[in-house]
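Asks: Take a look at this one; I'll ask things after.
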Amino acid sequence: RQAEQDAAEAVLARLLEFQHRASGHLRDLSGELRLGASNTIGNYLVGELLGGFVAAHPKVAVRLMVDNTEAIVAGLLDHSLDLGCVEGPVVHADLESRAWRDDALVVCARPDHPLARRRTLQAKDFAGARWILREHGSATRAHSERVLALLPPGETVLELGQIEAIKQAVIAGLGIACLPRVAVSDALAADRLKVLRTPFLDLQRRLSMVLHRATYRGALIDAFLAAVAQRPT
């Protein structure tokens, strides 16, 4: 039944696009684009993600759902979303990932934290560290777990569902965290947080656009992908 529904929606999308082409209004796009963005992107990069497209196509209604990567993938698989933008690769036979842009995480602490006061750090210095992590299902959580696997055992003192909550917990001195640099730039500038120098850790990652392979990629999706591809460097 789902396959029949997918086929019917694809046919309808093609018919609407043919009508636009026939009337010469393809550049004047309208309709609804259902996007999903993981928390880092939806909360800190939404202008970069949507700005060019919204400016170029003011008649398109963009519906943006912000959630963790696991929820975005679920929305693509059940066709409640047309396209997703997530942190890290997504491996699923029914989904296609396209690289969007690079991103970086940082290990951060309050400036008066013992690790923040050290000039140089080694992996062994993190033994017994108190960590604040994202919830399961988050790509930031998955990356943080890969980082922690390279360090001596520590303690997970909090698991929180929002980056801002984690940032405030670190500022309050409750622990340290691995967070997107874009999310902590304001706190760094205000000297409320400090980035710990960890050249022995790989904290780079790639943000990706994800689409369902069965989704008809008509003018709306093509225009959106073209807009995000033209982002400033």
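The values are calculated or read from the model by the stated rules, or taken from the named source; none is laboratory data. This structure is a prediction, so every number in the text was calculated from the model and none was measured. Don't worry about glycine lacking a Cβ; one is built from the backbone with ideal geometry, like all the others, and counts go over all protein chains shown. SASA here: full protein model, heavy atoms, side chains in, ligands and nucleic acids out. Shrake-Rupley method; radii C 1.70, N 1.55, O 1.52, S 1.80 Å.
Asks: Can you tell me which residue in the range 149-172 is nearest to Lys124 (Cα to Cα), limited to those that are assigned to a helix (DSSP H, G or I) and touching a residue at least 24 places away in the same chain (Cβ under 8 Å)?
Replies: Selected residue: Val170.
Asks: Right, something else. Checking the structure you have, find out if any residue of the range 187-196 is open to solvent by less than 20 Å² (accessible area, probe 1.4 Å) and within 20 Å of Asn39 (Cα to Cα).
Replies: Yes, the conditions are met somewhere in the range 187-196.
Asks: May I ask you to say which residue of Val11, Val46, Val91 is closer than 27 Å to Leu179 by Cβ, out of contact with any helix residue (DSSP H, G or I) (no Cβ under 6 Å at 6 or more places or on another chain), surrounded by fewer than 19 Cβ atoms within 10 Å (Cβ to Cβ) and at pLDDT below 90?
Replies: Val91
Asks: A follow-up question, please. Check the range 125-138 and report whether any residue there is closer than 20 Å to Leu83 by Cα, in contact (Cβ under 8 Å) with a residue 60 or more places away in the chain, open to solvent by 20 Å² or more (accessible area, probe 1.4 Å) and not polar (S, T, N, Q).
Replies: Among the residues of the range 125-138, at least one is closer than 20 Å to Leu83 by Cα, in contact (Cβ under 8 Å) with a residue 60 or more places away in the chain, open to solvent by 20 Å² or more (accessible area, probe 1.4 Å) and not polar (S, T, N, Q), which makes the answer yes.
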